[in-house]
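J.: Handing you this structure, nothing more for now.
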Amino acid sequence: MKRFGELVLVILIFCAGLAAQMQPEDEMFGYVVGIEGKSHQDRADFIKNQLRKMHVGFFTVPFEYYSYHAKDTLNLSGEDIVARIGDGQKRLVVGAHFDAVDSSAGANDNGSGVAVVLELIKSMKDFHWKCTVDFVFFDQEEKGLIGSQFYIDRVVDRKWHYGMINLDIEGSGNEVYVGPVGGGDDNFLMPFVRGAASRTKFIYREKDSYPSSDYESFAVMRLENISISVVPKGDADLLARMTKTGGKIDPKNMPKVMKVMHTPKDRTDQMTPDALKISFEFTKTLLELLNESVH
Ligand SMILES: [Zn+2]
């Protein structure tokens with residue numbers, strides 16, 4: 001019996017060692033595994049539980065939304081989850097929507113963004129922040145960017161808004177796709193984004209168009225914003241072109257990510273930990289550079 005007890009102890013120590021050494025990319029991949037295929041409520045609960053495990057406080061922005069059009073009546077509720085870290089009047093927003101379309105498992109869109117934001121919180125919660133950062137898990141993006149509009153309305157103070165960084169689709173390939181560049185609402189952010197690109201040396205593509213996501217809620221209000229994705233090689237060009245043609249896709253020029261997005265196939269077997277690592281390292285470098293610039 002004593003031998004058995006010792007064996008259990010050795011195994012426990014070994015497992016604890018493994019857990020301590022867990023790489024960020026494996027941890028992020030685990031987050032996506034935890035969220036894929038889950039109900040809307042379970043996705044929200046998963047995020048809150050992870051924040052509790054990290055001993056990071058959070059608040060929520062609950063909302064009810066009604067929209068009445070002739071044929072299209074929308075009545076939905078939701079809640080953004082906000083982990084506020086750092087100190088200082090200037091306010092950065094790092095956001096990823098956590099909702100998924102009903103027919104999809106929602107791994108890459110957007111469990112991947114959620115995973116990167118969770119890992120950023122974990123690794124930067126004790127960072128020497130000179131600004132306040134709202135890490136926001138936006139709700140009801142897929143129904144029309146609704147959660148981000150409520151967040152702006154209720155939480156954002158234009159006077160102290162420093163910039164919003166949106167993460168949506170981070171889980172496959174190795175090409176960092178940044179957009180939509182230009183238009184006047186990224187003049188402050190882009191030098192730092194380019195700084196992160198030259199420091200990290202990842203394959204980097206910036207484009208003047210980018211598919212719809214929560215950054216648009218900020219753009220409409222003329223609040224500084226930019227979006228970052230990690231996609232398969234060549235997809236940045238194809239996604240930008242698709243956006244310009246209003247979503248019409250020539251089958252010859254179908255972006256690879258579009259083949260699984262918003263379908264039941266959007267699962268972790270279509271993703272890689274390495275893609276999440278690229279997104280994490282790029283965004284973390286960007287946040288470090290932005291923080292350095294605060295005076
Ligand atoms: Zn999305």
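J.: Suppose only helical runs count, i.e. DSSP H with n ≥ 4. What mean residue ellipticity at 222 nm does that imply for the chain under -39500 (n - 2.57) per run, divided by all residues and rounded to the nearest 500 deg cm²/dmol?
T.: -12000 deg cm²/dmol
J.: Still on this structure, please answer the following. Compute for segment 113-167: radius of gyration divided by Kirkwood radius, i.e. Rg/Rh, restricted to C-alpha atoms, rounded to two decimals. Write out the running numbers ahead of the final one.
T.: Values: Rg = 12.5 Å, Rh = 12.7 Å.
In segment 113-167, Rg relative to Rh is 0.98.
J.: Which lysines does LYS265 reach when only Cα atoms under 17 Å apart count, and residues fewer than 8 places away in its own chain are ignored?
T.: Reachable lysines: LYS38, LYS256.
J.: If you don't mind, there's one more thing I want to ask. Amide H to amide H under 5 Å from ASP266: which residues, 5+ apart in sequence or cross-chain, H placed 1.01 Å off N in plane?
T.: Amide H neighbours of ASP266, under 5 Å, 5+ apart: ALA105, GLY106.
J.: Let me ask something additional. Sorted by mean Cβ packing within 10 Å, highest first, what order do the peptides 281-294, 119-132 take? Display every interim value, and only then the final one.
T.: Values: 281-294: 19.2, 119-132: 16.8.
Ranking, from highest mean packing down: 281-294, 119-132.
J.: Now for a separate question. Highest first, please rank the peptides 207-213, 85-91 by the mean number of other Cβ atoms sitting within 10 Å of their residues. List each step's numbers first, then the result.
T.: Details: 207-213: 18.6, 85-91: 16.7.
So the peptides 207-213, 85-91, ranked by packing, come out 207-213, 85-91.
J.: Out of SER103, HIS128, ILE249, whose Cα points farthest toward the positive end of the dipole of segment 40-292 (charges: +1 Lys, Arg; -1 Asp, Glu; placed on Cβ)?
T.: Sorting the options by dipole projection puts first HIS128.
J.: Test of understanding: what is the full-extension gain from LYS244 to ARG84, defined as 0.36 nm times their sequence separation minus their Cα-Cα distance? Mind dumping the intermediate values first?
T.: Numbers: separation 160, 0.36 × 160 = 57.60 nm, distance 3.51 nm.
Value of the extension gain: 54.1 nm.
J.: Going by alpha carbons, how many degrees (0 to 90, nearest 10) lie between the helix axis of 112-124 and the longest principal axis of the chain?
T.: 60
J.: Here is a further query. Just tell me which aspartates and glutamates come within less than 16 Å, Cα to Cα, of LYS122; anything on the same chain fewer than 8 places away is out.
T.: Output for LYS122: GLU25, ASP26, GLU27, ASP134, GLU281, GLU288.
J.: When the chain is modelled as a GNM with alpha-carbon springs shorter than 10 Å, which of PRO232, PRO62, PRO24 fluctuates the most?
T.: PRO62
J.: Between THR263 and ASP72, take the C-beta separation as r, use R0 = 22 Å, and let me know the FRET efficiency to the nearest 0.05. Walk me through the numbers on the way to the answer.
T.: Values: r = 23 Å, r/R0 = 1.04.
FRET efficiency, THR263 to ASP72: 0.45.
J.: Among 254-266, 26-38, 100-112, 71-83, what's the highest-first ranking by average C-beta atoms within 10 angstrom per residue? Each step should come with its number before you reach the end.
T.: Numbers: 254-266: 17.7, 26-38: 20.1, 100-112: 24.0, 71-83: 15.5.
So the order, starting with the most tightly packed, is 100-112, 26-38, 254-266, 71-83.
J.: Suppose a student asked you for the relative contact order of the chain, using Cα pairs under 8 Å spaced at least 6 residues apart; what percent would you report? Working shown, then result.
T.: Values: 558 pairs, mean separation 64.4, N = 295.
Relative CO of the chain lands at 22 percent.
J.: Can you tell me, using C-alpha contacts under 8 Å and at least 6 residues apart, the relative contact order of segment 147-231 as a whole percent? Each step should come with its number before you reach the end.
T.: On the way: 131 pairs, mean separation 44.2, N = 85.
Normalised by residue count, the contact order of segment 147-231 is 52 percent.
J.: Distance cut-off 25 Å, Cα to Cα: go down the list LYS143/LYS259; LYS53/LYS201; LYS130/LYS284; LYS53/LYS284; LYS48/LYS244; LYS143/LYS284 and report the pairs above it. If you can, show how the numbers build up before the last one.
T.: Details: LYS143/LYS259 20 Å; LYS53/LYS201 33 Å; LYS130/LYS284 15 Å; LYS53/LYS284 21 Å; LYS48/LYS244 37 Å; LYS143/LYS284 29 Å.
From the list (LYS143/LYS259; LYS53/LYS201; LYS130/LYS284; LYS53/LYS284; LYS48/LYS244; LYS143/LYS284), the Cα-Cα distance tops 25 Å for LYS53/LYS201; LYS48/LYS244; LYS143/LYS284.
J.: Treating each Cα of segment 157-295 as an identical point scatterer and ignoring solvent, apply the Debye formula and state log10 I(q)/I(0) at q = 0.12, 0.20, 0.22 Å⁻¹.
T.: -0.47, -1.24, -1.42
J.: Enumerate by residue number the chymotrypsin sites (Phe, Trp or Tyr not before Pro) in segment 160-248 meeting two conditions: DSSP loop (anything except H, G, I, E, B), and at most 14 other Cβ atoms within 10 Å of the site's Cβ.
T.: Numbers: sites: TRP160, TYR162, TYR177, PHE188, PHE192, PHE202, TYR204, TYR215, PHE218; in loops: PHE188, PHE202.
When the chymotrypsin sites (Phe, Trp or Tyr not before Pro) of segment 160-248 are filtered for loop state and at most 14 Cβ neighbours within 10 Å, PHE188 remain.
J.: Show me the three semi-axes of the equivalent ellipsoid for the chain, from the C-alpha gyration tensor (sqrt of 5 times each eigenvalue), largest first, rounded to whole Å. It would help to have the intermediate numbers written out before the result.
T.: Details: eigenvalues 182, 104, 92 Å².
Computed over the chain, the values are 30, 23, 21 Å.
Read-outs: derived from the displayed coordinates by stated rules, not from any lab. Every value quoted in this text rests on a predicted model; they were computed, and no experiment measured them. Virtual Cβ from ideal backbone geometry, glycine too; neighbours counted across all protein chains shown.
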